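For reference, the structure discussed in these notes is given below.
The values are calculated or read from the model by the stated rules, or taken from the named source; none is laboratory data. Note that the coordinates shown come from a computational prediction; the quantities given were computed from them, not determined experimentally. Note: ideal-geometry Cβ built from the backbone for every residue, glycine included; neighbour counts use all protein chains shown. Remember, those area values only see protein heavy atoms, side chains included, never the ligands or the DNA or RNA. Shrake-Rupley method; radii C 1.70, N 1.55, O 1.52, S 1.80 Å.
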Amino acid sequence: MEVKKTKINGVFLLKPQIFEDNRGYFFESFNANKFNEATDLNVQFVQDNQSLSSKNVLRGLHFQHPPFAQAKLVSVIKGEVLDVVVDIRKESDTYGEYIAENLNEENHHQLFIPEGMAHGFLTLKDDTIFSYKCSNYYDQGSEDGIIWNDSNLKIDWKIKNPLVSEKDQLAQNFASFVSPF
């Protein structure tokens, strides 16, 4: 597994070693010892989630307030996404900045997202299956979000009219956001 740092401290792009032959492929999708050694972290995942979306669905930008904040390890099982992470840690040098990575069923890349990040993704193919490993359990009362098309964040989603849930359309803007991190 190759682990690359991103411009946001604590966010890592993971590239697994893939073994392919005429039968198909095999790769280790997660190994706690290798992950913790490569990242100098000790993250314990307690919940796995999966979503299925049609093309041009945008989900996010989501996070949970402490003490239910979640670190996530995300990947695509089928299809492709533009995955976006926004740093919402007040004391961070990259507060309010974002990264965007293409994750898909061909490259098998994963993105590790620490607590203190808002996360979202845009599906680029029909029937995209997205997987999340989470370090904390979902808590409905702690969920929150920032509007996906916030003019201050200037995220280039590469689409004008994605399919967005009503809840995500009503999320707060970044200018009025008070970070709990």
Unit charges at the beta carbon, dipole of region 3-120: most positive-side option, GLN70, GLY24, ASN104: GLN70
Only Lys, Arg (+1) and Asp, Glu (-1) charged, at Cβ; the chain dipole about Cα centre in debye: 200 debye
Spatial separation of Cα centroids for region 43-84 and region 145-174, in angstrom: 16 Å
Compactness of the chain, expressed as Rg and Dmax over alpha-carbon positions, Å: 15.9, 54
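Looking at the chain, identify the longest residue range that excludes and avoids all GluC sites (Glu not before Pro) in DSSP loops having at most 12 other Cβ atoms within 10 Å.
Here the longest segment lacking exposed loop sites spans 107-181.
So how much slack lies between LYS15 and ASP48, counting 0.36 nm per residue of separation and subtracting their Cα-Cα distance, in nm?
Details: separation 33, 0.36 × 33 = 11.88 nm, distance 1.96 nm.
Additional length available on full extension: 9.9 nm.
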Sequence of HIS62, HIS108 when ordered by accessible area, the most exposed leading, probe 1.4 angstrom: HIS62, HIS108
Spacing of the two label points (7 Å from each Cα toward its C-beta) at ASP40 and VAL3, in nm: 1.0 nm
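So which of LYS7/LYS78; LYS15/LYS133; LYS133/LYS167 end up more than 21 Å apart by C-alpha?
Details: LYS7/LYS78 27 Å; LYS15/LYS133 16 Å; LYS133/LYS167 23 Å.
Beyond 21 Å: LYS7/LYS78; LYS133/LYS167.
Provide VAL11, VAL57 ordered by accessible surface of protein heavy atoms (probe 1.4 Å), highest first.
Details: VAL11 0, VAL57 20 Å².
So, going from the largest accessible area down, we get VAL57, VAL11.
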Computed lengthening from ILE129 to GLN172, 0.36 nm per intervening residue step minus Cα-Cα distance: 12.8 nm
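In debye, nearest 20: dipole of region 55-102 around its Cα centre with unit charges on the Cβ of K, R (+) and D, E (-)? Each step should come with its number before you reach the end.
Values: 6 positive and 7 negative charges, 65 e Å.
Here the size comes out at about 320 debye.
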